[in-house]
Amino acid sequence: MTIMDVSEEDDYFYHENISFNFSYDDYPALCEKADVRSFAALFLPVVYAVCLVLGLAGNGLVVAVYAYHKRLKTMTDAFLTHLAVADLLLLFTLPFWAADAARGWELGEVVCKMVSACYTVNFTCCMMLLACISLDRYLALARAQGRGQSGRLQSIFSRRHSWRICFVVWMTAFLLGLPDLILSEVRWSSNRSVCLAIYPASLAREGKAALEMAEVLLGFLLPLLVMVVCYCSVGRALKDLPTESRGKKWKSLRVLLTVVGVFVVTQLPYNVLKVYRAMDSVYALVTHCGTSKVLDQAAQLTESLALTHCCLNPLLYAFVGSSFRQHMGKVVKKFGEMRRQRRKRRENPLEDVEMEMSFNSHSASQETNTFSI
């Protein structure tokens, strides 16, 4: 996490200016960031609490519906299930970071390593699964148009290979989270304990920058590229539909534009800032305390904005799909029938006993085919 990736020196000093044109601003100076920490202690717990409540409600419903229907029908169903699980695991780390922002890290080094790695793994996994959903929608359209008989992607993106694709996605995300699992430590800084990744001296600059660039590539640029290419192809196909399907066509196009637009709005600021901070760790671009404070607060704001995508995923992907709505309708209908049956049992216990006896007699005598209640 950007808001946790700070060193002890970053809290007090900004980088030295390496040029030979010295001024008073060029010398290392005390940069106390108590105001940045105070802002985080108020802002982050509130935002994380809202994301946790909304995200648990939406993603929990998705997991419950697909768990009720144990056999997933399509590749998109499988991806949506894994996406909801990744969102939930990511959301479960937010209370830890909220407590860290408010009071410092008080849960020990083992929990620090696990929570840091879980955050990175699931955040990256969510973004890569969005790319898989986009590609699966495009391939479904290609199959419908009869263009998918010989494509290699068509054979890979099939229902029987869905677990392999999800496994590759999870393993790729786990590899990106492995440095956090290994290097995260609890350090004392500014009168409080903090959980952060401590890189070896030989990798403090280049290693950290390379890891952040890999996260930007796999967690933003690649999914964005796949989404734009696939949804543009789907959009062109929708435009060629006959005029009598114009209503459905424009509704589908609005959904595609909303999906891409929300992804760009929520993820672009955060990833642009990550790229800038990665360059700063190598080339020491930030040389003034005020600039460093502004970047810290911008990191808190943009990362909070990126996390809101976990709350929006069920609305953008699951709830707009007819397949999921059918599954949810069956679950609601079944739940309603169970409630009506329980209410009848409470109101007419004798009738319930008679019904149970009648069922038992029916099961005991298979010849009574005209039995009725």
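Values in this text are rule-based calculations from the coordinates and carry no lab data. Please read these numbers as outputs of a predicted model, since none were measured by experiment. Cβ coordinates were reconstructed from backbone atoms using ideal geometry, including for glycine residues, and neighbour counts include every protein chain displayed.
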In nm, spacing of pseudo-spin labels at GLN154 and ALA41 (7 Å Cα→C-beta vector): 6.1 nm
Long-range amide H partners of SER193 with built H, under 5 Å: TRP105
Mean Cβ count within 10 Å, highest first, over the residues of peptides 77-87, 105-115, 195-205: 77-87, 105-115, 195-205
Proximal lysine pairs, region 24-321, alpha carbons under 23 Å, eight or more residues apart or interchain: 11
Highest average packing first - 303-312, 232-241, Cβ atoms within 10 Å: 303-312, 232-241
Spin-label proximity, THR172 to region 207-246 - amide N less than 20 Å from point 7 Å beyond Cα toward beta carbon: 210-233
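Percent relative contact order of region 194-277, based on C-alpha pairs within less than 8 angstrom and at least six residues apart?
41 percent
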Centre separation in Å (Cα based) which lies between region 297-316 and region 171-214: 22 Å
